[in-house]
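To start, the structure itself, in structure tokens.
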Amino acid sequence: MTQSTLHNIRFKGLTTCVPERTLSNIEDCPVEQRSERERLVRNIGIETRRVCLEGVVFSDLAQEAGEKLIAGLGWDKSSIDVLLVVTQSPDYPIPATAIILQDKLGLSHGTVAFDINLGCSGYAYGLFVLGSMLSAHGLKRGIMLVGDKSSNPLSLDNGLLSLFGDAATATALEFEENAPPMYFNMGSDGSGHRAIIIEAGGQRVPIQPHHLERLPGADGISRKGTDVILDGPSILNFSIREVPASISGLVEYSPFSLEDIDYFVLHQANRMINETIRKKLGLAPERVPLSLKEFGNTSSASIPVTMTTKLLQELGAGRKRLLLSGFGVGLSWASCILEIEDAYLPALIEI
């Protein structure tokens, strides 16, 4: 694993934008599946999720979150040096969505703007990349837009339990001498890349007409070639093996103990995975907030969604030390410790 410390970087603000539309894994399913669905929801923990209406994409949510953040901070748009977008839901294969949003947000032509293609671990990785740029290269201010449109608003996923919701978040970092250090612990294992994969749509497997039809797979589930394939047992084994070790290793690397951390905000994978990680670390439930029930798995946005919806009052009540840990697609994982004080953290934005 790679461990690193960032100095002189202040966490200045966070906004979260989700669609108003809510779908229920219990109510929005065939009546004959209701009892089985209720059992699955109890185990997985995802009751409802937010989904975009037709024609609304990730960048629309991200633009709203970005505008709200910049206005709330009172930042002159010409003072923003970097726009980083972390998403697996770009507007187009090319150009980068960050370049499009640089223009839509009215940022200057001198803004450094680029995308990172990461999912579940993307928030912590993004903080490291953006913070590193500001810490080491004489830049002052940066905005990170993180999230995905993972749902299909035109169907109920063929009657299957749906795990994924749509969300976008905007985070502001600023160079500030003597700001509390941020500590990171990161890793990856590409040998497990097929555990979470969309097989068709890249250059390895270009889209063919049959990829747009729902066909039964080896597991008996009918899906399109452009749908996500999840290997549940592999993901579970990976998560409970790597994440507690990543968190423990980060704490050992930092000057803190587990008791010094106010809250542990994990990627919202599912209840079973998150509860197993919590128990392995010996953490009380109130220190490990969950947003799964209301928002589902929102990919790289799940950590900031949880911060916005479950810790808003706490984060506004003086300095708080958080440990954030993202893990999943890749396979990849990243954990970080940071302190938040006097940051701009408005209520959830719904559009």
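Read the figures in this text as sums done on the coordinates, not as results from a lab. What you are looking at is a predicted structure, and each value in this text was computed from that prediction instead of being measured. All Cβ positions, glycine included, derive from the backbone under ideal geometry; neighbour counts span all protein chains shown.
The table for this structure:
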read-out	value
Highest to lowest packing among 28-41, 6-19, scored as the average C-beta count within 10 Å	6-19, 28-41
Charge-dipole axis of region 191-260 as Lys and Arg at +1 and Asp and Glu at -1 on Cβ define it, positive-most pick from Leu215, Ser246, Gly192	Leu215
Residue-wise HN-Hα coupling along region 172-187, computed from phi with Karplus coefficients 6.51, -1.76, 1.60 (Hz; x: Gly, Pro)	10, 10, 9, 5, 8, 4, 6, 5, x, x, 10, 10, 10, 9, 9, x
Cα-based convex hull volume of region 45-113 per residue, rounded to whole Å³	122
Estimated dipole of the chain in Debye, rounded to 20 [Cβ of Lys and Arg +1, of Asp and Glu -1, Cα centre]	440
Signed unit charges on C-beta, dipole axis of the chain, positive-most listed residue Ser89, Met133, Val288	Val288
For the chain, calculated [θ]222 nm from helices alone, where every DSSP H run of n ≥ 4 adds -39500 (n - 2.57)	-8500 deg cm²/dmol
Dipole magnitude (debye, nearest 20) for region 1-56, charges at Cβ of Lys, Arg, Asp, Glu	420
From phi via Karplus (6.51, -1.76, 1.60), per-residue ³J(HN,Hα) for region 318-329 in Hz, x at Gly/Pro	x, 5, 10, 9, 10, 10, 9, 9, x, 7, x, 3
Antiparallel DSSP beta bridges within the chain, as percent of all bridges there, nearest 5	70
Axial C-alpha extent at least 27 Å, average Kyte-Doolittle at least -0.5 - helices from the chain (DSSP)	232-253
Cα-based equivalent ellipsoid of region 67-178: semi-axis lengths in Å, sorted from largest, via gyration tensor	29, 15, 13
Mean separation of Cα contacts under 8 Å (6+ apart) over length of the chain, as relative contact order %	28
Highest average packing first - 186-194, 95-103, Cβ atoms within 10 Å	95-103, 186-194
Under-25-angstrom lysine pairs by C-alpha in the chain, whenever the two are 8 or more apart or on separate chains	29
Distance cut-off 34 Å, percentage of C-alpha pairs in the chain lying past it	21
Residue among Thr298, Thr276, Thr169 with the largest mean-square fluctuation in a Gaussian network model of the chain, springs linking Cα atoms under 10 Å	Thr276
